[in-house]
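Engineer: Sharing a structure, written as structure tokens. Questions coming.
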Protein chains: 2
Amino acid sequence: MKAEIITIGDEILIGQTIDTNSAWIANQLNLIGIDITKITSISDKKEEIIKALNNAKQIVDLVLITGGLGPTDDDITKKTLAEYFNTKLVQNTEVLHHIEQFVIKRKALMNERNIRQADVPENCTIIHNEIGTAPGMWFNQHGKTIISMPGVPFEMKRMMENSIIPELEKKRDSVHIIHKVILTQGWPESKLAEYLEEWEGQLPKVISLAYLPSPGIIKLRLTAKGENKAQLEELIDQETKKLEKIIPQLICGYDAEKLEEIIGNLLKERKENLSTAESCTGGNIAHLITSVPGSSDYFLGGTVAYDNSIKQNILRVTKSNIDNYGAVSKHVVEEMAVGVRELFKTDYAVATSGIAGPTGGTEDKPVGLTWIAVCSASQVISRKFVFGDHRGRNIQRASVTALNMLRKLILDQEM
Amino acid sequence: MKAEIITIGDEILIGQTIDTNSAWIANQLNLIGIDITKITSISDKKEEIIKALNNAKQIVDLVLITGGLGPTDDDITKKTLAEYFNTKLVQNTEVLHHIEQFVIKRKALMNERNIRQADVPENCTIIHNEIGTAPGMWFNQHGKTIISMPGVPFEMKRMMENSIIPELEKKRDSVHIIHKVILTQGWPESKLAEYLEEWEGQLPKVISLAYLPSPGIIKLRLTAKGENKAQLEELIDQETKKLEKIIPQLICGYDAEKLEEIIGNLLKERKENLSTAESCTGGNIAHLITSVPGSSDYFLGGTVAYDNSIKQNILRVTKSNIDNYGAVSKHVVEEMAVGVRELFKTDYAVATSGIAGPTGGTEDKPVGLTWIAVCSASQVISRKFVFGDHRGRNIQRASVTALNMLRKLILDQEM
């Protein structure tokens, strides 16, 4: 099946918002065998929306629209779709009830605009918006499917995952597409690609490989396409096992797993817990860990020790070590990890100290230099890294690298 | 002048790459009064490129293309453009010389692919690629301008800044476009829109308004278009001032400013500093603050007090308050703020305690309930909020709301 994504909103065309929705949608549809042939961003203008829809319908079977469903006057997607599909807007009582509940929960009052959000085109199927007030809309016409979703990423993603993808999966044709994602941590893409060249060369024809790089993690995605599902699964399994023999030290997870989830599951299984002491990552490791629901079961807390005074006074890092070796050093990062573990009385701790940049580097200690330590009751392990010169990226790479060191340390301990 | 951006590359259509180039280009062109009417992402296929060019040329005067100029076989933009403009590729000695210098600098050897990069369509003007090997191309035909650039963001940006924008500025017509963005915090979009209806109704015709919502912040964007730049600026200024009188309590910043940057600037100006004590936001406030370069000047550090033991043992929250009122309460969040401020010896502190969800709520204390406190030497202010039931969004809304309370507290103190 072929699809086009249309994003509606002036904020994209004036460069105020980067369109992240399209990449996410494209990726999700790809996983269920739907190809995106085009992504189009247009403004909140009726004639532009109609023109884009007409163009898309000539080429694809499925059109996914995001944006323009808000309660304000510049949001005209719903009105335009009703006109396009030759129908009128009618109040939907279920949607109205949901909006009322939503507004009450926020201790606000229903207003005219809220009520108008419950008006929907008469001939569409409503897609429930669990976490927002603007409903999604699903239209079928002459064998084509047109789906309209809010532009707010959270709301759009929830709708896709819970309602749209399950429906689309039922419609797709008999070709099976199977994906397996292998998460690697530690090597840059070019080094990894060179090392895996021979393995890649011998992949069966039905399997393709893609490298998906992000700061700190390179994902390898194997995709098998064909009619015999069991055979494809078997092939993917074989190739995954080969990879596990070639780069065992680099593999840190599979599929949609995140390192912070993997660590969470390990700790829950072992009934153990964790604390953090962060300098250069500035709270990002704690943020990643606590973004996982239920993390309060195993994460007691952490210290962001940005200033040296906090390293000394709270974490008990010795002044002489800071004076002799500097805050970004093996000695200090190890003391931070050990210090927070003792202070917070946890089984494990992780600590970071580095120069995130863009300034603050010296010849000896350049921007990107980062020390990371992890510790348990019996072990302290620290490593030095030199990342790049982009602050946000350095913080992300240091965080992911620290989480992976922690994962290895936990796996290394006897249960 | 009207323009369209065409990005070429399968990596965008399969969701592997987020198209950040288009937003950057759109923003730059907007500043010199060029409107983007459409952004189109297509695959590396000859017929797709030609179709997209034909469509764009019917509507706009200027087409900017990125991508498909690399040295590998899937890069076909240059060949396609030569065909499209009915010309042939010829070797350009200047480009070849530049590529040679470039390759030598990297201690590599020239290969067949490098040499082919110096072949360019005979009838175009070459745009020098200072930091890469693929030259840009500028075509003029029947009053239309078509510009092709590499997809690598660094290379594209340098080309735009040094060569393309200066040229376009000479050509542009007399219409000016002026934007002003007003950041608001505290009210949902629908409430804000209703409250501002009257003001919106009286806006001069040359000014348009857009609402740009994100978790915790609603941006109002005013856009003025016309020939008289000074007059437009005056009008935008007048409307901004009116808004400042209508919703003074909601405005927290302007244009591309972020709350964490605004706070950083305030603290630097006052030579004051800050610490954090986070429960439900789990380190995200510290992460936002430390994402700003130079934040070590005013951010000493923070505590993520996820477990009650940390609240008691580190932040000195009294056990009786936790027992009597619960961890998510006015008493506890105020003690957290005061506790971390004293412990870290800072001028200000901010603290959060809430139920981020998706589980952990009770009838009395539902998911989304959040207490936030800010304090200085002379004041402690706390407020209760009920956000939604999405964990990630609750964390983000609580963080942004906390930062805004902090901003107000700082502004409230005498300098």
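Engineer: Select from segment A:47-70 the residues that are surrounded by 24 or more Cβ atoms within 10 Å (Cβ to Cβ) and assigned to a loop (DSSP other than H, G, I, E, B) and write down the one among them that is modelled with the lowest pLDDT.
Structural biologist: Of everything passing the filter in segment A:47-70, A:70 is modelled with the lowest pLDDT.
Engineer: Would you check if residue A:300 is of a type in the set (A, V, I, L, M, F, W, C), in contact with a Phe, Trp or Tyr (Cβ under 7 Å, 6 or more places away or on another chain) and facing chain B (nearest Cβ under 8 Å)?
Structural biologist: Yes; evaluated as a whole, the condition is true for this residue.
Engineer: Pairs needed: first member in segment A:275-292, closer than 16 Å to residue B:396 by Cα; second member anywhere, of a type in the set (D, E, K, R) and at pLDDT 95 or above; C-beta distance under 7 Å; at least 6 residues apart or different chains.
Structural biologist: A:285/A:278; A:286/A:278; A:288/A:260; A:289/A:260; A:291/A:260; A:292/A:260; A:292/A:261
Engineer: Working only within segment A:89-117, note down all residues that are of a type in the set (Lys, Arg) and not in a helix (DSSP H, G or I).
Structural biologist: Listed by number, the residues that qualify are A:106, A:107.
Engineer: Which is modelled with pLDDT of 95 or more, surrounded by 12 or more Cβ atoms within 10 Å (Cβ to Cβ) and either away from chain A (no Cβ under 14 Å) or out of contact with any Asp or Glu (no Cβ under 6 Å at 6 or more places or on another chain) (or both), of B:145, B:133?
Structural biologist: B:145
Engineer: Continuing with the same structure: Out of (1) surrounded by fewer than 18 Cβ atoms within 10 Å (Cβ to Cβ); (2) more than 12 Å from chain A (Cβ to nearest Cβ), the odd one out for residue B:366 is which?
Structural biologist: Only one criterion is unmet by residue B:366, namely (2).
Engineer: Taking residue B:389 as meeting all but one of (1) under 24 Å from residue B:183 (Cβ atoms); (2) of a type in the set (D, E, K, R); (3) crowded, with 16+ Cβ neighbours inside 10 Å; (4) within 13 Å of chain A (Cβ to nearest Cβ), write down the number of the exception.
Structural biologist: Answer for residue B:389: the failing condition is (1).
Engineer: Need pairs with beta-carbon distance below 7 Å; first residue closer than 21 Å to residue B:257 by Cα and within segment B:182-209, second surrounded by fewer than 17 Cβ atoms within 10 Å (Cβ to Cβ) and aliphatic (A, V, I, L, M); sequence gap 6+ or separate chains.
Structural biologist: B:188/A:108; B:209/B:203
Engineer: Could we say that residue B:272 is in a helix (DSSP H, G or I), surrounded by 15 or more Cβ atoms within 10 Å (Cβ to Cβ) and within 14 Å of another protein chain (Cβ to nearest Cβ) here?
Structural biologist: no
Engineer: Which condition does residue A:200 not pass, out of (1) within 24 Å of residue A:403 (Cβ to Cβ); (2) more than 17 Å from the chain's Cα centre (by Cα), if it passes all the others?
Structural biologist: Failing condition for residue A:200: (1).
Engineer: Sticking with this one: Does residue A:327 count as in contact with a Cys (Cβ under 8 Å, 6 or more places away or on another chain) and either within 14 Å of another protein chain (Cβ to nearest Cβ) or closer than 21 Å to residue B:275 by Cα (or both)?
Structural biologist: no
Engineer: Need a quick list: strands (runs of 3 or more DSSP E) entirely within segment A:122-235 having at least 3 residues that are basic (Lys, Arg).
Structural biologist: Because the criterion is at least 3 residues that are basic (Lys, Arg), the strands (runs of 3 or more DSSP E) in segment A:122-235 that meet it are A:217-226.
Engineer: Another question, if that's okay. When you scan segment B:195-223, how many residues do you find that are more than 11 Å from chain A (Cβ to nearest Cβ) and either out of contact with any Leu (no Cβ under 9 Å at 6 or more places or on another chain) or closer than 24 Å to residue A:108 by Cα (or both)?
Structural biologist: Looking only at that region, the number is 6.
Engineer: Among the residues of segment B:212-271, which ones are under 30 Å from residue A:282 (Cα atoms) and among the basic types (Lys, Arg)?
Structural biologist: Once the filter is applied, which keeps residues that are under 30 Å from residue A:282 (Cα atoms) and among the basic types (Lys, Arg), segment B:212-271 yields B:219, B:258, B:268, B:270, B:271.
Engineer: If I filter segment B:12-34 down to residues being surrounded by fewer than 20 Cβ atoms within 10 Å (Cβ to Cβ) and more than 7 Å from chain A (Cβ to nearest Cβ), which single residue comes out as nearest to residue A:219 (Cα to Cα)?
Structural biologist: This residue is B:28.
Engineer: What pairs can you find where one residue is in segment A:216-240 and among the acidic types (Asp, Glu), the other is in a helix (DSSP H, G or I) and surrounded by fewer than 19 Cβ atoms within 10 Å (Cβ to Cβ), and their Cβ atoms are less than 9 Å apart, with a gap of 6+ or different chains?
Structural biologist: Short answer, once both residue conditions are applied: A:239/A:199.
The values are calculated or read from the model by the stated rules, or taken from the named source; none is laboratory data. All values reported here derive from a predicted model rather than from experimental measurement. Every residue, glycine among them, receives a Cβ derived from its backbone with ideal geometry; neighbour counts consider all protein chains shown.
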